[in-house]
Amino acid sequence: MMTSKPNTIDEYIAAFPTDVQTVLQQVRATIRKAAPDAQETIKYAMPTYVLDGNLVYFAAFQYHIGFYATPTGNEAFTEDLSGYKTGKGSIQFPLSQPMPLDLITRIVRFRVAENQKRARLKTKTKA
């Protein structure tokens with residue numbers, strides 16, 4: 001697993017075993033498709049997507065993919081996430097199960113809409 005801080009998402013993914021790389025690439029492609037205008041970066045040593053603020057982060061662990069749709073992604077999908085271990089702002093998708101790519105898509109789209117709405121409101125208050 002990771003021994004040094006990655007500078008890019010490609011570096012991050014390359015540091016994992018091939019089977020985990022495949023899952024990480026699926027998650028990455030899903031996020032990119034759901035938020036094509038988002039910028040990819042590394043924050044907190046994790047792949048991060050930014051569009052009018054932070055959208056989502058993800059990270060690989062020994063037994064799961066951590067997915068972070070803070071601050072509100074978990075709250076909006078409580079029922080959908082009931083089968084997964086969650087924490088404040090975190091979701092654990094087990095590597096032993098197929099990634100819920102449709103759910104990830106819906107969460108990312110929700111976060112895009114939320115960030116864009118917040119950005120519009122911010123613009124209006126400045127005008």
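Bear in mind these aren't lab numbers, they're just calculated from the coordinates by the rules spelled out. Nothing here was measured: the structure is a model prediction, and the numbers come from that model. Every residue, glycine among them, receives a Cβ derived from its backbone with ideal geometry; neighbour counts consider all protein chains shown.
Quick notes on this one:
- Qualifying residue in the range 15-38 (condition: polar (S, T, N, Q) and in contact with a strand residue (DSSP E or B) (Cβ under 8 Å, 6 or more places away or on another chain)): no
- The range 65-76: number of residues that are of a type in the set (Val, Ile, Thr) and surrounded by fewer than 17 Cβ atoms within 10 Å (Cβ to Cβ): 2
- Filtered residue count, the range 77-95, keeping only those that are farther than 19 Å from TYR63 by Cβ, surrounded by fewer than 16 Cβ atoms within 10 Å (Cβ to Cβ) and under 15 Å from the mean Cα position of the chain (by Cα): 2
- Residues (of a type in the set (S, T, N, Q) and closer than 17 Å to ASP102 by Cα) located in the range 25-67: GLN25, GLN26, THR30
- Residue within the range 64-78 that is in contact (Cβ under 8 Å) with a residue 24 or more places away in the chain, within 14 Å of LEU24 (Cβ to Cβ) and hydrophobic (A, V, I, L, M, F, W, C) present: yes
- Positions within the range 84-110 being within 23 Å of THR22 (Cα to Cα), free of Cβ contacts under 8 Å to residues at least 24 places away in the same chain and assigned to a loop (DSSP other than H, G, I, E, B), in sequence order: TYR84, GLN97, PRO98, PRO100
- Residue check, LYS43 over 22 Å from ARG118 (Cβ atoms) and either among the basic types (Lys, Arg) or touching a His at 6+ places or on another chain (Cβ under 6 Å) (or both): no
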